[in-house]
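First up is the structure itself, then whatever we jot down about it.
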DNA sequence: CAACCGCCCTGGGAGC
DNA sequence: TGCTCCCAGGGCGGTT
């Protein structure tokens with residue numbers, strides 16, 4: 001389940017592999033993932049990729065016609081750049097043949113991913129970025145910002161942190177880990193966050209995300225690097241997926257709760 | 001309009 | 001062994 005550190009890991013491998021390449025041919029093996037794939041056949045052949053960047057959980061490859069190839073990896077998206085000799089895997093839906101003889105391949109078992117050409121504005125952003133809040137590793141995500149932004153919000157703090165309009169790229173894994181490290185209950189109403197709690201959330205989100213990027217992301221089941229290897233951060237997870245186990249800090253049993261259909265794990269003793 | 005809910009999709013694990 | 005059921009969950013569209 002790629003969140004920010006996983007997508008950043010993908011970007012670091014993908015940018016050098018795609019930048020400057022011309023897309024010669026498109027081959028499709030499914031009609032759609034989250035969006036129809038057929039338009040790619042008209043939009044991509046002949047286009048050169050000028051730059052590749054990440055925002056939130058998206059990667060955008062800027063094309064030479066003012067449009068961008070927008071990618072989102074959903075739950076199970078895996079991309080590779082490799083030889084056309086490698087046999088197609090069961091859930092590979094798109095091959096983009098590049099001018100250096102290699103093939104960009106998009107695999108996604110659950111087809112929750114997006115691969116779509118969209119227009120870019122003057123900042124090279126596709127329309128979906130306009131509603132986004134700050135990146136968690138940039139200055140805009142400050143304790144002051146989080147405190148101000150949470151005033152009057154009736155939502156619980158965990159879905160609030162997972163809202164891309166508040167801060168981008170934080171999903172279930174890193175929201176869970178951040179709130180545990182910040183000693184804030186995921187069930188707490190966002191409007192009731194104190195300034196010190198906001199500071200702890202910002203500091204710990206940064207620390208956890210930075211460390212996960214350093215470890216090449218978290219592989220639970222599906223996430224793979226562009227070269228097929230696994231991320232190593234899973235060993236650092238303190239409580240994600242460990243409901244019923246003892247809290248690593250106080251030893252009381254970790255509890256599970258449902259928030260918006262997502263499982264939340266927390267320590268009722270440490271997190272208030 | 002904020003908040004919430006259901007849907008998209010398939011593999012893997014639990015339970016019988 | 002093999003069947004069924006449930007869960008994983010980001011983003012988005014629909015509803016309250």
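The values are calculated or read from the model by the stated rules, or taken from the named source; none is laboratory data. Quantities reported herein were computed from a predicted structural model and do not represent experimental measurements. So basically every Cβ, Gly included, is an ideal-geometry build from the backbone, and we count neighbours across all protein chains shown.
When each of A:179, A:209 is tested for being at pLDDT 95 or above, in a helix (DSSP H, G or I), assigned by TED's automatic domain parsing to the domain that holds residue A:239 and within 16 Å of DNA strand C (Cβ to nearest atom), the lone residue that passes is A:179. Of the strands (runs of 3 or more DSSP E) lying entirely inside the range A:41-122, the ones with 2 or more residues being without any contact (Cβ under 8 Å) to a residue 40 or more places away in the chain and buried (at least 18 other Cβ atoms within 10 Å of the Cβ) are found at A:103-108. Residues of the range A:1-20 that are buried (at least 21 other Cβ atoms within 10 Å of the Cβ) and away from DNA strand C (no atom under 16 Å from the Cβ): A:14, A:18.
Has the range A:80-92 got at least one residue that is under 30 Å from residue A:165 (Cβ atoms), within 16 Å of DNA strand C (Cβ to nearest atom) and either outside the structural domain of residue A:16 (by TED's automatic domain parsing) or in contact with a strand residue (DSSP E or B) (Cβ under 8 Å, 6 or more places away or on another chain) (or both)? No; the residues of the range A:80-92 include none that is under 30 Å from residue A:165 (Cβ atoms), within 16 Å of DNA strand C (Cβ to nearest atom) and either outside the structural domain of residue A:16 (by TED's automatic domain parsing) or in contact with a strand residue (DSSP E or B) (Cβ under 8 Å, 6 or more places away or on another chain) (or both). Scanning the range A:133-162 for residues that are within 18 Å of residue A:2 (Cβ to Cβ) and either within 10 Å of DNA strand C (Cβ to nearest atom) or in a loop (DSSP other than H, G, I, E, B) (or both) yields a count of 4. Looking only at residues in the range A:163-176 that are assigned to a loop (DSSP other than H, G, I, E, B) and out of contact with any strand residue (DSSP E or B) (no Cβ under 8 Å at 6 or more places or on another chain), the one that is surrounded by the fewest Cβ atoms within 10 Å (Cβ to Cβ) is A:165. In summary, residue A:242 fulfils each of the numbered conditions (1) closer than 22 Å to residue A:74 by Cβ; (2) in contact with a strand residue (DSSP E or B) (Cβ under 7 Å, 6 or more places away or on another chain) with the single exception of condition (1). Residue A:254 passes every criterion in (1) within 16 Å of DNA strand C (Cβ to nearest atom); (2) within 22 Å of residue A:76 (Cα to Cα); (3) surrounded by 20 or more Cβ atoms within 10 Å (Cβ to Cβ) apart from (2).
In this structure, does residue A:220 turn out to be modelled with pLDDT of 95 or more and within 20 Å of residue A:162 (Cβ to Cβ)? Spelling it out, it is not the case that residue A:220 is modelled with pLDDT of 95 or more and within 20 Å of residue A:162 (Cβ to Cβ). Does the range A:136-157 include one or more residues that are within 16 Å of DNA strand B (Cβ to nearest atom), more than 30 Å from residue A:52 (Cβ to Cβ) and touching a residue at least 60 places away in the same chain (Cβ under 8 Å)? Checked the range A:136-157: at least one residue is within 16 Å of DNA strand B (Cβ to nearest atom), more than 30 Å from residue A:52 (Cβ to Cβ) and touching a residue at least 60 places away in the same chain (Cβ under 8 Å).
The numbered conditions (1) surrounded by 20 or more Cβ atoms within 10 Å (Cβ to Cβ); (2) in a helix (DSSP H, G or I); (3) within 16 Å of DNA strand C (Cβ to nearest atom) are all true for residue A:186 except (2).
In this structure, residue A:57 qualifies as modelled with pLDDT under 95 and under 29 Å from residue A:132 (Cα atoms).
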